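Below: the structure, in structure tokens.
The values are calculated or read from the model by the stated rules, or taken from the named source; none is laboratory data. Everything quoted here is computed from the prediction, not taken from an experiment. Virtual Cβ from ideal backbone geometry, glycine too; neighbours counted across all protein chains shown. Only protein heavy atoms, including side chains, enter the accessible area calculation; ligands, DNA and RNA are left aside. Shrake-Rupley method; radii C 1.70, N 1.55, O 1.52, S 1.80 Å.
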Amino acid sequence: MDQHRLRIATRHSDLALWQASHVAGRLQAVVPGLEVELVHVTTTGDRDRVHTLREFGGAGVFTREVQRAVLDGRADVAVHSLKDLPTEPAAGLVLAAVPDRASPFDVLILPDGAEPLPSLDDLPQGAHVATGSLRRQAQLLCRRPDLRLVEIRGNVPTRIAKLDRGEYDAIVLAEAGLGRLGLKDRISLGLRPPLMFPAVGQGALGIECRTGDDATRASLERIIDHSAFAAVRAERTVLRELRAGCHAPLGVHTLSDGTRLTLEAVVLSPDGRERLHDADTGSTEDPESLGRTVARRLQRQGADRLVATG
């Protein structure tokens with residue numbers, strides 16, 4: 001990193017560019033005179049809009065090429081939606097910062113002009129609901145086995161346009177992405193635990209830099225939200241211990257009071273008929289220990305088998 005210039009690698013979707021610009025603004029607020037350049041990268045997930053994420057690899061399809069831009073020197077840092085970042089670190093890179101976290105929750109969206117729903121039970125019998133997430137699909141089926149779930153790909157505006165054209169009765173998206181794009185007015189129903197547990201790291205941004213780049217890492221440390229960083233470390237430990245990919249039927253929710261973390265996790269069968277749950281509390285100083293405890297309890301309940309079927 002040049003002392004006064006930073007290059008940020010990012011995907012070029014509207015949401016990814018918002019996230020990279022947000023990080024740039026946070027850094028410029030704490031590093032006077034810093035100039036920031038966004039380096040646009042196209043990932044495997046961006047190029048293939050036909051297959052489901054699980055069909056062509058799942059983990060890393062939105063992050064590998066962005067990471068490569070940092071490793072080969074085209075950029076100094078990579079900004080990711082943390083839920084897309086595999087838990088196994090890429091050689092030569094370090095997860096250096098997690099800034100302030102937006103809402104981790106999911107939401108249901110209905111076609112334009114539809115009235116908001118009081119609850120998920122108010123969706124019509126057999127409604128077509130679109131989501132590309134096995135985690136969301138399994139949790140929806142656990143509550144509403146009558147729903148007809150279909151895959152959907154594309155960025156947020158593309159998905160909403162398909163909904164408004166009548167291709168689906170509803171879609172499920174992350175609340176954070178809608179807020180960042182100024183689309184929170186489209187939310188028809190919030191989906192929160194115990195109905196819907198978020199993805200690991202959902203709502204958070206992960207910022208990577210090269211392991212030996214001490215100057216960049218020092219700058220990134222100035223924008224860390226320590227509570228959010230501890231929470232996602234606990235969540236990512238659950239994912240890693242269960243050897244589950246980013247798209248496994250695993251949901252988590254973490255609360256922090258500043259010194260203590262409460263972590264809940266669920267693992268489901270893809271059809272939603274089986275649901276395992278565990279929760280515990282631990283110190284923000286050692287979030288990985290909390291994550292391991294919850295993961296091992298889930299394993300004793302049979303989580304490995306459910307993750308494998310996902």
Failed item, numbered, when L134 is tested on (1) among the aliphatic types (A, V, I, L, M); (2) over 18 Å from the mean Cα position of the chain (by Cα); (3) open to solvent by less than 20 Å² (accessible area, probe 1.4 Å): (2)
Filter result (touching a strand residue (DSSP E or B) at 6+ places or on another chain (Cβ under 6 Å) and not β-branched (V, I, T)) within the stretch 128-167: H128, A130, R135, R136, Q137, A138, C142, L147, R148, L149, R159, L163
Q125 vs. criteria at pLDDT 95 or above and more than 17 Å from the chain's Cα centre (by Cα): yes
Residue list for the stretch 17-44, restricted to those being in contact with a strand residue (DSSP E or B) (Cβ under 7 Å, 6 or more places away or on another chain), closer than 18 Å to R222 by Cβ, without any contact (Cβ under 8 Å) to a residue 40 or more places away in the chain and assigned to a helix (DSSP H, G or I): A24, Q28
The stretch 55-72 - residue that is modelled with pLDDT of 95 or more and open to solvent by 30 Å² or more (accessible area, probe 1.4 Å) and, of those, nearest to T10 (Cα to Cα): R68
Residue list for the stretch 220-241, filter: in contact with a helix residue (DSSP H, G or I) (Cβ under 9 Å, 6 or more places away or on another chain) and within 13 Å of T259 (Cα to Cα): F229, A230, A231
Members of the stretch 156-173 found to be open to solvent by 20 Å² or more (accessible area, probe 1.4 Å) and part of a strand (DSSP E or B), listed by number: none
